[in-house]
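The structure appears below as structure tokens.
The values are calculated or read from the model by the stated rules, or taken from the named source; none is laboratory data. Note that this is a predicted model, so its numbers are computed, not measured. Cβ coordinates were reconstructed from backbone atoms using ideal geometry, including for glycine residues, and neighbour counts include every protein chain displayed.
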């Protein structure tokens with residue numbers, strides 16, 4: 001059942017609206033002024049608030065601003081006898097769902113309330129989905145190296161600084177990029193990923209910048225590149241150390257000028273993209289060998305985050321193993337399994353050349369092949 005609150009200093013108005021809304025099956029509370037209404041909104045989760053503008057102690061517009069800043073997800077419908085354009089514009093600017101004049105038309109009021117409830121549900125579902133996604137992408141571990149990674153993510157996420165993530169294959173560089181995006185100001189926009197090592201050199205420029213129809217053999221239609229797809233959001237360039245020098249030059253120009261040009265085109269297209277890059281290579285050595293541009297390196301590495309190998313944070317292995325057990329059991333709709341202490345200790349002694357990715361694969365194998373309790377013999381057999 002949807003939960004609503006009526007905030008109005010006129011008792012008769014509150015009573016009339018309450019009768020109508022309770023008849024429609026909604027749960028309804030009341031507040032006699034903006035101050036009381038704000039207090040109730042901060043303490044209780046409401047789907048919709050119907051709020052007067054002119055009230056004692058705190059008017060409706062001031063209350064609306066504070067509710068919007070708190071990001072409670074409540075949809076606020078302003079109701080006022082002063083139905084002028086200025087009030088409507090001001091209310092909308094501060095996040096009001098709609099503006100209705102007194103006395104309200106009953107049909108319009110009910111339709112607006114239903115629409116506001118749907119919007120409130122969508123907002124809550126989106127928040128829930130984001131929490132689930134973040135939990136999936138959560139960086140697990142309490143070792144000193146991982147604590148440092150987490151602290152750096154929290155510090156740089158809200159900025160626009162470019163980040164270079166380094167570390168061996170399978171260590172979790174992609175998780176760092178996702179963490180920065182999800183905690184940053186662009187989290188509501190797209191995170192577009194490009195694996196530079198998986199795209200042939202002759203196609204990387206088309207992949208990044210797009211191409212015009214007829215730009216080369218096989219270009220039958222116009223293609224929008226990753227930079228344009230990520231406009232307003234984040235572009236994650238994974239394994240950037242494998243990018244060709246010609247593509248590096250174009251990426252450097254895009255970062256310098258915030259503009260790109262599609263392959264085969266001559267029109268400059270403005271893009272607003274935050275770039276996060278990752279590599280398992282020593283880029284300074286690649287620069288010395290002539291394989292990577294030094295000016296691009298300095299553009300990308302405003303902040304450098306190094307993700308340690310799993311062998312350098314062995315104390316995190318039990319936490320990771322337990323998380324993977326839980327997640328993988330859920331994926332297979334199976335009861336969560338347990339690992340005996342000696343089996344867990346054995347996992348901690350393994351070399352893990354494939355890092356976190358290898359550990360996850362081993363845990364998945366154990367979930368599939370073993371009984372409810374995973375023993376040392378099981379680990380020796382399947383790891």
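Of all the residues that make up region 270-285, how many are in contact (Cβ under 8 Å) with a residue 24 or more places away in the chain and exposed (fewer than 14 other Cβ atoms within 10 Å of the Cβ)? So that I can check it myself, show each step before the final result.
As a first pass, look at region 270-285 and keep what is in contact (Cβ under 8 Å) with a residue 24 or more places away in the chain: 271-281, 283.
From what's left, exposed (fewer than 14 other Cβ atoms within 10 Å of the Cβ): 272.
Summing the residues that are in contact (Cβ under 8 Å) with a residue 24 or more places away in the chain and exposed (fewer than 14 other Cβ atoms within 10 Å of the Cβ) in region 270-285 gives 1.
Looking only at residues in region 142-164 that are within 23 Å of residue 208 (Cα to Cα) and within 18 Å of the chain's Cα centre (by Cα), the one that is surrounded by the most Cβ atoms within 10 Å (Cβ to Cβ) is 163.
Here residue 149 passes the criteria (1) assigned to a helix (DSSP H, G or I); (2) within 24 Å of residue 191 (Cα to Cα); (3) touching a helix residue (DSSP H, G or I) at 6+ places or on another chain (Cβ under 7 Å); (4) at pLDDT below 85 except the one numbered (4). Filtering region 179-200 to residues that are touching a strand residue (DSSP E or B) at 6+ places or on another chain (Cβ under 8 Å) and closer than 22 Å to residue 283 by Cα leaves 180, 193, 194, 195, 196, 197. Where helices (runs of 4 or more DSSP H) sit wholly within region 284-383, those with at least 3 residues that are farther than 22 Å from residue 177 by Cβ occupy 317-331, 341-349, 355-369, 376-382.
What about residue 376, is it surrounded by fewer than 16 Cβ atoms within 10 Å (Cβ to Cβ) and over 29 Å from residue 283 (Cα atoms)?
Working: surrounded by fewer than 16 Cβ atoms within 10 Å (Cβ to Cβ): no; over 29 Å from residue 283 (Cα atoms): yes.
Answer is no for this residue.
Of the listed requirements (1) over 12 Å from the mean Cα position of the chain (by Cα); (2) at pLDDT 95 or above, residue 139 misses just one: (2).
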